[in-house]
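Written out below as structure tokens is the structure these notes cover.
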Amino acid sequence: MALSGRQTVLMAEPVTEYCVDRDLGDPGEAELACQAVLAAVLPRVDRTWIDAISDHKDLPAAPRATQTALVQVGLPQGCGDSGLGVELDVRRSDHVSLLRAFASWSIGVELYDVSMRWVAYFSDTGSSISFNVTEEEAAAVRASLGTLPMLTVREMKARKR
């Protein structure tokens, strides 16, 4: 088994829920946002589920190949041909590669830490991205997002009132 260099990180710091502050309809923006969050949180992630399904009807060749590979990972898990709820092992570099390659194309990606505390969720082919991070992780995500806005979920809810 190839190892990804991942380490278990126990959380002593408080975490705050954030989201990217707009629906990301552009595949490039969705990719940027998903990769920014993954880069910041993967060292803390222990459990991951991904749906090998996309809202994009005409997937480019690379995501289509990744989708097929995810379905193959999910078959022995009982996910069937639908590829719903494929569990990825983040200690395996090939599984991390699949996660990185399909995160922004999937209808649902769930990331949890060793305590099964929610870390991040990407839905609707990367158009909706939320994450539960430390101040340091939030700063890393913010720096990687460029012009894409992020805010706390609390701020977003207050704005909607």
For the pair ALA39/ASP124, report the inter-label distance in nm, with labels modelled 7 Å from Cα in the Cβ direction. 2.6
Under the 0.36 nm per residue contour assumption, what length would be gained going from the current alpha-carbon distance of LYS160 and THR147 to full extension? 2.5 nm
Cut-off under 5 Å, modelled amide H: who pairs with TYR18 long-range: PHE131, ASN132, VAL133, VAL153
Evaluate the distance, in nm, between pseudo-label points positioned 7 Å from the Cα of ASP21 and of LEU84 along their respective Cα→Cβ axes. 3.5
If I histogram all Cα-Cα distances within the chain using bins 10 Å wide from 0, what percent of pairs lands in each bin? 11, 41, 36, 12, 1
Give the accessible surface of the range 1-122 per residue, rounded to a whole number of Å², with probe radius 1.4 Å and ligands, DNA and RNA excluded. 49
Tell me what the chain gives for mean residue ellipticity at 222 nm when only DSSP H runs of n ≥ 4 count, each as -39,500 (n - 2.57), the sum divided by the residue total, rounded to 500 deg cm²/dmol. -11000 deg cm²/dmol
Each residue of the range 77-90 in turn: what ³J(HN,Hα) in whole Hz from Karplus with 6.51, -1.76, 1.60 and θ = phi - 60°, glycine and Pro shown as x? 7, x, 6, x, 5, 5, x, 6, x, 6, 8, 10, 9, 6
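Taking 0.36 nm per residue of separation and subtracting the Cα-Cα distance, what length does fully extending ALA139 through ARG92 add?
Values: separation 47, 0.36 × 47 = 16.92 nm, distance 2.68 nm.
That pair, ALA139 and ARG92, stretches by 14.2 nm at full extension.
Can you tell me which of 85-91, 98-104 comes out highest on packing, and rank the rest after it, using the mean Cβ neighbours within 10 Å? Working shown, then result.
Values: 85-91: 18.4, 98-104: 22.7.
So the order, starting with the most tightly packed, is 98-104, 85-91.
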Simple label model, 7 Å out from Cα along Cβ direction - THR68 to SER115, nm: 4.3
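What is the sum of charges around LEU98, taking Lys and Arg as +1, Asp and Glu as -1, for the other residues whose C-beta is under 11 Å from the C-beta of LEU98? Mind dumping the intermediate values first?
Numbers: positive: ARG92, ARG100; negative: ASP89, ASP94.
The answer is 0.
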Give or take rounding to whole Å, what are the principal axis extents of the alpha carbon atoms in the range 103-160, in descending order? 26, 26, 25
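Quantify, in whole percent, the carbon and sulfur part of the accessible surface of the chain (1.4 Å probe; protein heavy atoms only).
Details: 4240 of 8260 Å².
In the chain, the share of accessible area belonging to carbon and sulfur is 51 percent.
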Calc'd 3J(HN,Hα), the range 133-145, phi into Karplus 6.51 cos²θ - 1.76 cosθ + 1.60 (θ = phi - 60°), Hz, glycine/Pro = x, comes to 10, 6, 4, 5, 5, 4, 5, 5, 4, 4, 5, 7, 6
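The values are calculated or read from the model by the stated rules, or taken from the named source; none is laboratory data. Predicted, not measured: the structure shown is a model, and the values here were computed from it. Methodologically, a virtual Cβ is constructed for each residue, glycine included, from the backbone with ideal geometry; neighbour enumeration extends over all protein chains shown. Please note that ligands, DNA and RNA were not included when accessible areas were found on the heavy atoms of the full protein model with its side chains. Shrake-Rupley method; radii C 1.70, N 1.55, O 1.52, S 1.80 Å.
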